[in-house]
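Only one structure is covered here, and it is reproduced in the block below.
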Amino acid sequence: MVPADPAFFQVIARRAGSRVLERIVPAGVAVAEVFGYGDDDGKIFPAELAAVAAAVPKRRGEFTAARVCAHRALELAGLPAVPIVPGPSREPLWPDGVVGSLTHCDGYRACAVGRSGVVAAIGIDAEPHAVLPEGVLAMVTSETERAALAGLAAADPATCWDRILFCAKESVYKAWFPATGRWLGFLDAEVTIDPAGCFTARLAVPGPAIGGQPLTAYHGRWLVGSGLILTSVTVGQREQR
């Protein structure tokens, strides 16, 4: 492996019990996180470095920090760290027997991985806890979803429910794509948010087969803290919905 760029983040996995993402993934899913800006002694593989050799510094930093998280998460799962290179659609290519997901936003990078014999799919996403840019909400939500968001906002106006819904859909897509290889539009899954920290995404299109039965919905969890929204979706191998 070769040294990563020096403008880096501090990996939270070093601090026992401080992995925030662990609060919204089930047991058996290993996570590693990076918060803030700083220096780190992390390294990435030559194949990974080559994948972003022509990228701008910001993109290289995001990619490198996410790959350091991926290596740490694999090790926490009892697996060797290996290169996680991007596929044809820029999706991370995991080793045989592993499913995983990466995410990044300003000030945060994370990875979650699980063994494919137990976990069929994982999707995680992070977003700033801020309202969506003007015009985005109408593009990514149905009328039913917007009506539900209005009710949530009336009860708790301090929470950016529109961004939570967007973040939930992003995590659903990350769980969907590796299992199907197909695009999932924002209106192909209708999300219902539970203020207690859960959400359900009901598919409007045929889902992948899990345990011999088509998946009809994804169930996930969300949390807000430190200026961030985190969402996760994990599908077990025995789930039939």
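Structure summary
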| read-out | value |
| --- | --- |
| Using θ = phi - 60° and Karplus 6.51 cos²θ - 1.76 cosθ + 1.60, couplings along the stretch 75-83 (whole Hz; Gly, Pro as x) | 5, 5, 7, x, 10, x, 6, 9, x |
| Among 155-164, 107-116, the order from most to least packed when residues are scored by Cβ within 10 Å on average | 107-116, 155-164 |
| Taking 216, 231, 103, 141 and counting other C-beta atoms within 10 Å, the order from fewest to most | 216, 141, 103, 231 |
| Mean-position separation - Cα centroids, the stretch 73-142 and the stretch 45-72, in angstrom | 14 Å |
| Eligible lysines near residue 43 by straight Cα distance, threshold 27 Å, same-chain separation 8 or greater | 58, 174 |
| For the stretch 65-72, Karplus couplings with θ = phi - 60° (6.51, -1.76, 1.60), whole Hz, Gly/Pro x | 4, 5, 5, 4, 4, 4, 4, 5 |
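A short reminder: the numbers here are calculations on the coordinates, not readings from a lab. Note that the coordinates shown come from a computational prediction; the quantities given were computed from them, not determined experimentally. Heads up, the Cβs are rebuilt from the backbone with ideal geometry, glycines too, and the neighbour counts pull from every protein chain shown.
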